[in-house]
Ligand SMILES: N[C@@H](CCC(=O)N[C@@H](CS)C(=O)NCC(=O)O)C(=O)O
């Protein structure tokens, strides 16, 4: 059976990583059997989670994993026309290559309170003696990534102003539809659900979360998907 390597489930959401949540949601939406292996990214083929093992091969990065799932199992995007596929790609890039960085900043850098919550969720299972050392080194590494990406060079208000633009665009694009591209879930929804639940449905406080929680259609969207595809998890509010 396909194995999905991801962070341990916490916070009452599928995963604290938007990308792990994206893959597990794809697997559930496409009704593909899998087993979860909870881990840290230490042995991941590309040093990041998620990765999968399928047919004896390890595969990293959610985009390549989904390409594999589409060809080996089920393509959630079958039937979309070229314009819809283009919108799907552009929106996934907005989510994963832009909004993601504001969310990452809010967890690892924005406030000490958020960092404590994040640290406990990711590193809480490590032996106490090494927990603080590993967590603090990892934090420095992620801060360097945020700076390298460019997001970390802005003031907090600027980072959240940029992130709010993305949330505004997502809310306007979803409108009153069930899913981003109509009445059935596609790959875009796996990505959008993965990141949105990680912004509005987890205990990391920021202006980004507040803004997301001001959009009723996004709250309903996240709750609907969570309820339908993760009935074992509690509703958000
Ligand atoms: N492009 C990758 C991004 C995956 C990613 O950024 N994973 C994060 C967790 S959200 C990670 O494992 N980071 C560990 C690190 O950078 O050391 C994908 O689509 O899978």
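The values are calculated or read from the model by the stated rules, or taken from the named source; none is laboratory data. Just so it is clear, the structure is predicted and the values come from calculations on it, not from any experiment. FYI the Cβ positions are ideal-geometry reconstructions off the backbone, even for glycines, and counts take in every protein chain you see.
Looking at (1) under 30 Å from residue 138 (Cβ atoms); (2) surrounded by fewer than 20 Cβ atoms within 10 Å (Cβ to Cβ); (3) more than 10 Å from the ligand (Cβ to nearest atom), can you tell me which one residue 75 breaks?
(1)
Kindly state which helices (runs of 4 or more DSSP H) lie completely within region 180-237 and contain at least 1 residues that are modelled with pLDDT under 95. Please lay out each step first, then the result.
Details: elements: 187-200, 207-212, 216-229.
Where helices (runs of 4 or more DSSP H) fall fully within region 180-237, none carries at least 1 residues being modelled with pLDDT under 95.
Being closer than 18 Å to residue 131 by Cβ and either surrounded by 20 or more Cβ atoms within 10 Å (Cβ to Cβ) or touching a residue at least 12 places away in the same chain (Cβ under 8 Å) (or both) is the filter here, so list the residues in region 99-112 that pass it.
Scanning region 99-112 gives 107, 108.
Could you figure out which of (1) surrounded by 12 or more Cβ atoms within 10 Å (Cβ to Cβ); (2) part of a helix (DSSP H, G or I) isn't true of residue 177?
With respect to (1) surrounded by 12 or more Cβ atoms within 10 Å (Cβ to Cβ); (2) part of a helix (DSSP H, G or I), residue 177 is out only on (2).
So which residues in region 120-149 are in contact with a helix residue (DSSP H, G or I) (Cβ under 8 Å, 6 or more places away or on another chain) and more than 14 Å from the ligand (Cβ to nearest atom), if there are any at all?
Result: 124, 126, 131.
Give me the pairs: first residue in region 194-213 and closer than 18 Å to residue 179 by Cβ, second residue modelled with pLDDT under 95, beta-carbon distance under 6 Å, and six or more apart or on different chains, which are they?
Final answer for the pair search is 201/236.
For residue 96, state whether it is farther than 24 Å from residue 42 by Cβ and either out of contact with any helix residue (DSSP H, G or I) (no Cβ under 7 Å at 6 or more places or on another chain) or within 13 Å of the ligand (Cβ to nearest atom) (or both).
Numbers: farther than 24 Å from residue 42 by Cβ: no; either out of contact with any helix residue (DSSP H, G or I) (no Cβ under 7 Å at 6 or more places or on another chain) or within 13 Å of the ligand (Cβ to nearest atom) (or both): yes.
For residue 96, the condition - farther than 24 Å from residue 42 by Cβ and either out of contact with any helix residue (DSSP H, G or I) (no Cβ under 7 Å at 6 or more places or on another chain) or within 13 Å of the ligand (Cβ to nearest atom) (or both) - is not met.
Pull up region 34-59, narrow it to residues that are near the ligand (Cβ under 9 Å from one of its atoms) and more than 11 Å from residue 23 (Cα to Cα), then point me to the one that is surrounded by the fewest Cβ atoms within 10 Å (Cβ to Cβ). Spell out how you get there, then give the answer.
Taking region 34-59 and keeping what is near the ligand (Cβ under 9 Å from one of its atoms), we get 40-41, 44, 46-51.
Now narrow it down to the ones that are more than 11 Å from residue 23 (Cα to Cα): 40-41, 44, 46-48.
Working: 40: 16, 41: 19, 44: 17, 46: 12, 47: 10, 48: 14.
Looking at the filtered set, the residue picked out is 47.
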